[in-house]
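See below for the structure under consideration.
Just so it is clear, none of the values below were taken in a lab; they were calculated from the coordinates. None of the values given here were measured: they were computed from a predicted structure. Neighbour counts run over all protein chains shown; Cβ positions are idealised from the backbone, glycine included.
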């Protein structure tokens, strides 16, 4: 079945720097790749997603890239701010009623 | 309601007792997931319901765990003979299908004493 690996598990950056989180997936049929942010005491919330027919998507300070050949996708946060500190999860799913598979999460610390 | 609702938000139970956790998904969502999250850890998949299909129970850790989804809407996760290692936050999520955004509830924090 599908497997999603996420790296790094912990990431610490200085405010204003960029942060990059990378994920790889195993099932080449996967075609939907969402990213979720989980703040303390809350459930994860979608921040951006990308489908397999595009290679990059951007929304203000966050962007996601997808390399279908290599089966990896990445989250890029630019000009990081302390409020970006949270746990970030990548995920992958495919058409046909298959469940979404989540990565193990990355704990991001943004130091002021 | 506007989002996924879980109840109770907190539950403290004695070791050996049974507990039931409830999830009210967003109306019309066919996909429903249960996850377990221990302190500082990732999302541990438990069970997945999709429409009228047989649920994917591959993540249930033992036969003390079971879940059902009545009428394709509300779901209950039951843990029998609770153990201390069952202490965690149990998260429910729903989506219109597996190819769209999953909306998570706030979770139920279960503490087994």
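Shape class of chain A from the alpha-carbon gyration tensor: prolate, with a/c at 1.5 or above and a/b greater than b/c.
For the Cα trace of the protein assembly as shown, dividing Rg by the Kirkwood Rh returns an Rg/Rh value of 0.97. Here the stretch B:53-113 and the stretch B:5-48 have alpha carbon centers that stand 4 Å from each other. Across peptide A:89-100, the mean count of Cβ atoms from other chains lying within 10 Å of each residue's own Cβ comes to 5. Annotation: peptides B:27-34, A:86-93, B:65-72, ranked by per-residue average of other Cβ atoms within 10 Å with the highest first, follow the order A:86-93, B:27-34, B:65-72.
Take each residue in B:92-99, count the other chain C-beta atoms within 10 Å of its C-beta, and the mean is 5. The alpha-carbon atoms of chain B, seen along their principal axes, cover 37, 26, 24 angstrom, with the largest extent given first. Fully extending the segment from residue B:74 to residue B:9 would add 21.8 nm, taking 0.36 nm per residue of separation and subtracting the current Cα-Cα distance. Per-residue packing, averaged as other Cβ atoms within 10 Å, sorts the ranges B:95-105, A:12-22 into the order B:95-105, A:12-22, beginning with the highest. I'd like the distance between the alpha-carbon centres of the stretch A:80-106 and the stretch A:1-77, rounded to an integer number of Å. Cα centroid to Cα centroid, the span is 6 Å. The relative contact order of chain B comes to 38 percent, based on Cα pairs under 8 Å that sit 6 or more residues apart.
Can you pull the mean other chain C-beta count within 10 Å for peptide A:31-44? So the per-residue partner count for this stretch is 4.
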